[in-house]
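K.L.:
The structure that follows is given in the form of structure tokens.
The values are calculated or read from the model by the stated rules, or taken from the named source; none is laboratory data. These numbers come from a predicted model, not from an experiment. Cβ atoms come from the backbone with ideal geometry, glycine included; neighbour counts cover every protein chain shown. Ligands, DNA and RNA are stripped out before the accessible areas are found, and what is left, the full protein with its side chains, is counted by its heavy atoms. Shrake-Rupley method; radii C 1.70, N 1.55, O 1.52, S 1.80 Å.
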Amino acid sequence: MTAAYFKDTDDLKLGRPDAEPLASETIKGIVDLIAELVDSGHAYESGDDVYFRVSSFEDYGKLSNRRIEDMDQGEEAGSAPLKESPLDFALWKAHKKGEDTSWDSPWGLGRPGWHIECSAMAEAELGPSFAIHGGGSDLVFPHHENEIAQSEAAGRPFARLWMHNGMVETDAEKMSKSEGNIFQLSEALDRYGREAVVAYLVSGHYRQPLAFGAEQMEQAVAQVERLRNFFREHPVGEPGGPPLGTRVETPDSGSGLAGSQVPIGGPPGSRVEAFREALADDFNTPRAMAEVFELVGEANREAVPGASETVREMLELVGLDSLAEAEQAGDAEAEKLLVEREEARAAKDFGRADEIRDRLAELGWEVRDGAEGAKLVPKA
């Protein structure tokens, strides 16, 4: 699953984090943190397990703002008799017969609890206090609440800002393995292309649920095609625009975002400032993208010097600057296959059309279907 995750996220071409730690490689730090909590009275050993004593941490619940009666740790059956309180949660679980993974510890052979892994890995990579902790909205309780409790109880300030993303939903239901309504990222990338998937992901505010379906993805494909058409009509560096070296640094307006280079003066400057302000306002990508399309519309109606360079630079901040790249014509074999694919589609021989699409992908080409027909685009 780790390998599949890396492949799918690599295919998004948005870069990788500076560090991607593994709990299995952080066991010493995990055990040391648990030992600190036991020594300070915030945790206790019970039946070779170790549990966090929630009553010892006065601020428990400050992130989720839940009432005690609404809190359920959801831990495995059989652990209740080992706990002082139902709210207590596992820091270390004793090895059970049939389990294939375990490590030595002061409490015997076992494995870490889910929550303590993240506290230890975050501290190892970022230090005892760091700026931002992200995660899905479904993790606010108990996972993130427990991370705060165990880290702060051990004297670590932990995260200063929490940014929780909404869930991708199908027909107003959260997409999840348990619901059986999973649409794999790899499938979306194959079907719609990288740029359309990224455009879809930034189409909604990250804190809100994001509806997923054919309609939403077709809208994303249409947005991507509109941007491609803009760059076809207004190539970056086209004659009549300002020299590519004509740049000024935009002020960061106190947003904390580094200044970006934009063409001097005119509408592009005001649009990029509004774009940056939207991103500085809790990463409001829908508002930011609205500024992109406003500038595209203005440049399509009348000459706006520097518009294409500015749009490219705006799109770079949301991972879509590849749309500004000049497209190459397909080679003779690929063009022939494209014609055969269109003939197969016209004959409703979709199996054959899919086979040809796969062959084109092997040759390094992606088929883009648009209002003007299918075209070949080099795979990113």
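K.L.:
Could you pull out which residues in the stretch 142-173 have an amide N less than 20 Å from a spot 7 Å beyond the Cα of Asp282, following the Cα-Cβ vector?
P.N.:
144-145, 159-169
K.L.:
With angles folded into 0 to 90 degrees, how steeply does helix 307-316 sit against the dominant principal axis of the chain? Use alpha carbons for both and round to 10.
P.N.:
20 degrees
K.L.:
Using the Cα centre of the chain as the reference point, and only Cβ charges (+1 on K/R, -1 on D/E), how large is the resulting charge dipole? Debye, rounded to the nearest 20. Working shown, then result.
P.N.:
On the way: 39 positive and 73 negative charges, 71 e Å.
Dipole about the Cα centre, nearest 20: 340 debye.
K.L.:
From Cα pairs below 8 angstrom and at least 6 apart in sequence, can you work out the relative contact order of the chain, rounded to a whole percent? Don't jump to the answer; show the numbers that get you there.
P.N.:
On the way: 476 pairs, mean separation 40.6, N = 380.
Relative contact order for the chain comes out at 11 percent.
K.L.:
Where nothing but the Cβ of Lys and Arg (+1) and of Asp and Glu (-1) is charged, how large is the charge dipole of the stretch 34-147 around its Cα centre, in debye to the nearest 20?
P.N.:
120 debye
K.L.:
Let me check something: with ligands and nucleic acids excluded, how do Lys348, Lys379 order by accessible area (1.4 Å probe), largest to smallest? Let's see the in-between values first.
P.N.:
Details: Lys348 150, Lys379 105 Å².
Ranking Lys348, Lys379 by accessible area, largest first, yields Lys348, Lys379.
K.L.:
Using a Gaussian network model of the chain with C-alpha springs under 10 Å, which one of Pro81, Pro268, Pro235 is most mobile by mean-square fluctuation?
P.N.:
Comparing Pro81, Pro268, Pro235 in a Gaussian network model of the chain, the most mobile one is Pro81.
K.L.:
Relative to the longest principal axis of the C-alpha atoms of the chain, give the angle of the C-alpha long axis of helix 350-362, reported between 0 and 90° and rounded to the nearest 10°.
P.N.:
80 degrees
K.L.:
Compute the helix-to-body angle for 332-346: its Cα long axis versus the longest principal axis of the chain, expressed 0 to 90° and rounded to tens.
P.N.:
80 degrees
K.L.:
Dividing the convex hull volume of the Cα atoms of the chain by its residue count, what figure in Å³ per residue is obtained?
P.N.:
Measuring per residue, one finds 184 Å³ for the Cα hull of the chain.
K.L.:
Further question: Determine how large the accessible area of Phe350 is when every protein chain is in place; take a 1.4 Å probe and give Å² rounded to the nearest 10.
P.N.:
Roughly 110 Å² of Phe350 is accessible to a 1.4 Å probe.
K.L.:
Then there's this: Tell me which of Gly297, Ala374, Leu338 sits at the most positive position along the dipole axis of the chain, charges placed on C-beta atoms (Lys, Arg +1; Asp, Glu -1).
P.N.:
Gly297
K.L.:
Which pairs, out of Lys7/Lys96; Lys7/Lys375; Lys348/Lys375, put more than 29 Å between their alpha-carbon atoms? The partial results should precede the final answer.
P.N.:
Details: Lys7/Lys96 33 Å; Lys7/Lys375 26 Å; Lys348/Lys375 19 Å.
Pairs exceeding 29 Å: Lys7/Lys96.
K.L.:
Percent antiparallel among DSSP beta bridges with both residues in the chain, to the nearest 5?
P.N.:
Values: 21 of 30 bridges.
Within the chain, antiparallel bridges account for around 70 percent of the total.
K.L.:
Using the Karplus curve 6.51 cos²θ - 1.76 cosθ + 1.60 with θ = phi - 60°, what ³J(HN,Hα) values do you get for each residue of the stretch 133-138, in whole Hz, with x for Gly and Pro?
P.N.:
10, x, x, x, 4, 6
K.L.:
Let me ask another. For Thr2, tell me the accessible area in Å² from a 1.4 Å probe, rounded to the nearest 10.
P.N.:
Only protein atoms counted, so the area is about 80 Å².
K.L.:
I would also like to ask the following. Hey, could you grab the Kirkwood Rh for the stretch 33-118? Inverse mean 1/r over distinct alpha carbon pairs, Å, one decimal. Present the calculation step by step, with values, prior to reporting the outcome.
P.N.:
Numbers: mean 1/r = 0.0733 Å⁻¹.
Taking every pair of different Cα atoms in the stretch 33-118, averaging 1/r and inverting gives 13.6 Å.
K.L.:
Turning to a different aspect of this structure: Of the options Ala3, Gly47, Val31, report the single residue whose Cα projects farthest towards the positive end of the charge dipole of the stretch 1-117 (beta-carbon charges: Lys, Arg +1; Asp, Glu -1).
P.N.:
Ala3
K.L.:
Would you work out which of His133, Ala19, Val168 lies farthest towards the positive end of the dipole of the chain? Charges go on Cβ: Lys and Arg +1, Asp and Glu -1.
P.N.:
Val168
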